Amino acid sequence: MQEQLLGDWTSADGKEKLKLRSLDDSIYIVYYDGDLFRAYHSDVAETPFATVQDLNSSDRKYAYVIWKLSDDGKNLRLRSVDDKVVPKETRDSATVVALLTKNAGNPELFGEEIEFRKEK
């Protein structure tokens, strides 16, 4: 659990809100654009990922993101794994790990970056 991640965040353009809370020592609860998610840390191919599960959908789909927190803890950058590289239909974790490992050096692995600023 990284304490600096906890709190309320607003996208650089002011259109998106993100709230991060801790559920326990290893699981975050995320509120993003009206949806609830469960997130936890996963290392794959020497890259730190967050595995994010959509709690509002009936099939509870997973997404994978990387994040970077600024040294001062005021800016958070998120990039999700592109679903062309790891299709959303991929269900088992072994296949996801294999795809992430295989594509670790692929410049198309990640989608667009979203930057958030911490609210006071």
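Structural remarks
- Number of the condition not met by Asp24 [criteria: (1) within 20 Å of Phe116 (Cβ to Cβ); (2) at pLDDT 90 or above; (3) surrounded by fewer than 16 Cβ atoms within 10 Å (Cβ to Cβ)]: (1)
- Within the range 4-17, at least one residue is in contact with a Gly (Cβ under 7 Å, 6 or more places away or on another chain), at pLDDT below 95 and not aromatic (Phe, Trp, Tyr).
- Exactly one residue out of Asn56, Asn106 is in contact with an Asp or Glu (Cβ under 6 Å, 6 or more places away or on another chain), more than 22 Å from Gln4 (Cβ to Cβ) and exposed (fewer than 13 other Cβ atoms within 10 Å of the Cβ): that is Asn56.
- Residue list for the range 1-36, restricted to those being part of a loop (DSSP other than H, G, I, E, B) and in contact (Cβ under 8 Å) with a residue 60 or more places away in the chain: Gln2, Ala12, Glu16
- The residue of the range 27-36 that is modelled with the lowest pLDDT, among those that are within 13 Å of the chain's Cα centre (by Cα) and open to solvent by 50 Å² or more (accessible area, probe 1.4 Å), is Tyr32.
- Single residue of the range 37-53 satisfying the filter (open to solvent by 70 Å² or more (accessible area, probe 1.4 Å) and either assigned to a strand (DSSP E or B) or of a type in the set (Val, Ile, Thr) (or both)) that is modelled with the highest pLDDT: His41
- Taken across the range 31-38, residues that are closer than 17 Å to Glu119 by Cβ and out of contact with any strand residue (DSSP E or B) (no Cβ under 6 Å at 6 or more places or on another chain) do occur, with at least one present.
- Residue within the range 76-84 that is at pLDDT below 90 and more than 14 Å from the chain's Cα centre (by Cα) present: yes
- Contact annotation: residue pairs with Cβ atoms under 6 Å, 6 or more positions apart or on different chains, pairing a residue in the range 90-110 that is at negative phi with a partner that is open to solvent by 70 Å² or more (accessible area, probe 1.4 Å), are Phe110/Arg79.
- Some residue of the range 57-65 being out of contact with any helix residue (DSSP H, G or I) (no Cβ under 8 Å at 6 or more places or on another chain), basic (Lys, Arg) and at pLDDT 90 or above: no
- Complete set of residues in the range 59-81 that are open to solvent by 40 Å² or more (accessible area, probe 1.4 Å) and part of a loop (DSSP other than H, G, I, E, B): Asp59, Arg60, Lys61, Asp71, Asp72, Lys74
The values are calculated or read from the model by the stated rules, or taken from the named source; none is laboratory data. Given the structure is predicted, the values throughout are model-derived calculations rather than measurements. Here the Cβ is made from the backbone with ideal geometry for all residues, glycine too, and neighbour counts use every protein chain on show. Heavy atoms of the whole protein, side chains included, go into the accessibility calculation; ligands, DNA and RNA do not. Shrake-Rupley method; radii C 1.70, N 1.55, O 1.52, S 1.80 Å.
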